[in-house]
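Here the structure comes first, spelled out in structure tokens, and everything after it is commentary.
The values are calculated or read from the model by the stated rules, or taken from the named source; none is laboratory data. What you are looking at is a predicted structure, and each value in this text was computed from that prediction instead of being measured. Cβ sites come from the backbone with ideal geometry, for glycine too, and all protein chains shown count toward neighbours.
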Amino acid sequence: MIAIESHLKQLLMNALAPFGLKVTLDEIVIEKTKDPKFGDYATNVCLKFAKNISLKPIDLAKQLINQLKDPHLQKVEVAGPGFLNFFVKTETLTAVIQDILRLNDQFGKSQLGQGKRINLEFVSANPTGPMHVAHARAAALGDVIATLLTHVGYKVTREFYVNDAGGQIRNLALSIYMRYRELLGDKVTLPEDGYFGKDIIEIAKEVRHQYGDKIVSFDETFFKKIGVEKQLKRIQEDLILMGVHFDVYRSEQDVRNEGHIEKTLKKLAPFLYQDQGATYLKTTAYGDDKDRVLIKSDGQYTYFLPDIAYHQDKLSRNQDQLIDMLGPDHHGYIARMKAALAMLGYPADTLEILVMQLVTLTENGVEVKMSKRTGKGITLRDLVEEVGQDAARYFIAARSYHNPLEFDLDLAKTKTNVNPLYYAQYAHARLQSLLEAGKDLGLDSSGSGLDSIEELDLLKHLRLFPQVVNQAAQARETSIIAQYIQQLASYTHSFYTIRRVIDRDQPKLSAARLALVKASAQILKNSLAIFGIDALNKM
RNA sequence: GUCCCCAUAGCUCAGCUGGAUAGAGCAACAGCCUUCUAAGCUGUAGGUCAAACGUUCGAAUCGUUUUGGGGACGCCA
């Protein structure tokens, strides 16, 4: 299959040269037309560059058109104020069918990333309690972005940072201990910043079951270890519910124990200073709006210092680029972490931070804040149990991460056309049933005889898939794939309804249409696979 | 006060490396099943792209300002 956009760009670049216009490929914009009367593709180069050589756009277009002879083009027209409209030969458009049928699930993949290693850190929920809907969003998005990057040739490591050190974990340990004492009949006062959830009582019960009543004093290390283990296990169970797998769980405590902090401090030495007993990092030297404390006056580290050490640790594990996915409350953190990495000598684009916006849930048009079961905030588990893994993943990843997400629970549960995931699945199931019913007719992948609007729309859209995947990966925008899927499903349903595929009086045309059906089904499958969703053969 | 995100149809959202008449789904209305899955299709209606100014042959898209909404600004993590 010829990549028509780049082909046309090349053609235009060569054609413009004799006019004294030196234009790079990147400066030439080829766009898909909205209206078939403008052909298949259009360019605005004449509008853009005519004035450089003191011509009217329309005159340049008229002269240029004679240079634009090409075997793939049926004709080229000048339109409007100076657009060039390209009408592509049908044979060129149908060539995509053969490519898809040859490459199957490889169609759409590329080597754009050239094997570059990307470490994508996401979720990293604190092991102090159950994961909530915000974590669900991070989990689904991160996982789909990772798949997307893998598709375009990056080597991706999915990483979860376990915040198992620091004050909050001490609070967790203390909370479990107090609940444990409580079980033994003691009157206790829970720590002010403690954790009061039912999960803590459960853990205390398990501790008592396992160790009996013999623990008399607060052994911080012991309770931390127990607490983190239990909570992390729960988190991992939840991630499985979401269909998310991490390659690396990296413990903050390990990062600390392995001496990364000391090493990092040493490297940062030129940028450190003391003030009122605290150690500051001069992040303002690299664009932050104020300097940040690394070591508090009581000798404890802030969160920031181990986190710098952690980023250094990730990079030392042979990673070319880091991507962090964070919630909106962390946006202030971007400048300081980038500053720190710059001080450590890394190029500015080493760290990329995706700031994800908030999630709200609605039911019957009303925002749902509390879980019906627990009366607390809605957990990831509540969400998956309510709508299922596929819908949860699709609804989350179908929206751009940088906009707030309104998750409509009713919609995700609806098994009708209202639900975009069902719409796409239904399209796939219908195509599969055609292939089943028409398997005696064979497939004609040459595409000869396909010339209706419905067929051409579908063909043009199928051709776009590889570049859509690349574009989505580069923008880290899974929503672009969802848009593509909805459009593909729409073209598929129109084609299905309007053109009869299996017609035994016209076996040649049927075979050609079946090949198109097979190709379309394959791309529906490939695109859903990016979301980690299996296409359904029957519904 | 500073910073980040956002504002497009009644609702949920696309479109934003500037381009021809601003799109989709839902909701509303009118049609389409004796033949491949009606969980579908076709059509009608619905808009001051928050506002103003600017850049441009051309602005929903770029810039400035204003308004409105959400969030962040710790020796918390």
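General observations
- Candidates A:A309, A:A285, filtered to the one that is surrounded by fewer than 16 Cβ atoms within 10 Å (Cβ to Cβ), aliphatic (A, V, I, L, M) and over 25 Å from A:L141 (Cβ atoms): A:A285
- Matching residues in the stretch A:277-328 - criterion: being among the β-branched types (V, I, T) and within 27 Å of the chain's Cα centre (by Cα): A:I308, A:I323
- Single residue of A:Y346, A:Y333, A:Y301 found to be within 22 Å of A:E252 (Cβ to Cβ), near RNA strand B (Cβ under 8 Å from one of its atoms) and free of Cβ contacts under 8 Å to residues at least 40 places away in the same chain: A:Y333
- Screening the candidates A:K266, A:K225, A:K230 for the property of being without any contact (Cβ under 8 Å) to a residue 24 or more places away in the chain and farther than 14 Å from A:A165 by Cα yields one hit, A:K266.
- Matching option when the condition is surrounded by fewer than 19 Cβ atoms within 10 Å (Cβ to Cβ), in contact with a helix residue (DSSP H, G or I) (Cβ under 8 Å, 6 or more places away or on another chain) and not in a loop (DSSP other than H, G, I, E, B), among A:V255, A:V293: A:V293
- All of (1) surrounded by 20 or more Cβ atoms within 10 Å (Cβ to Cβ); (2) out of contact with any Ser or Thr (no Cβ under 9 Å at 6 or more places or on another chain) hold for A:R170 with one exception: (1).
- Flag for A:T221 being modelled with pLDDT of 95 or more and either within 16 Å of RNA strand B (Cβ to nearest atom) or not small (G, A, S) (or both): no
- Matching residues, the stretch A:210-228, being part of a helix (DSSP H, G or I), among the hydrophobic types (A, V, I, L, M, F, W, C) and farther than 15 Å from A:Q168 by Cβ: A:F222, A:I226
- Per this entry, A:I523 is counted among residues that are touching a Gly at 6+ places or on another chain (Cβ under 8 Å), within 24 Å of A:D390 (Cβ to Cβ) and at pLDDT 95 or above.
- For A:R430, the requirement of being near RNA strand B (Cβ under 8 Å from one of its atoms) and over 29 Å from A:L354 (Cβ atoms) is met.
- When restricted to residues that are touching a helix residue (DSSP H, G or I) at 6+ places or on another chain (Cβ under 7 Å), at pLDDT below 90 and among the hydroxyl-bearing types (S, T, Y), the stretch A:405-441 contains 1.
- Test: residue in the stretch A:250-257 that is under 32 Å from the mean Cα position of the chain (by Cα), without any contact (Cβ under 8 Å) to a residue 24 or more places away in the chain and within 16 Å of RNA strand B (Cβ to nearest atom): yes
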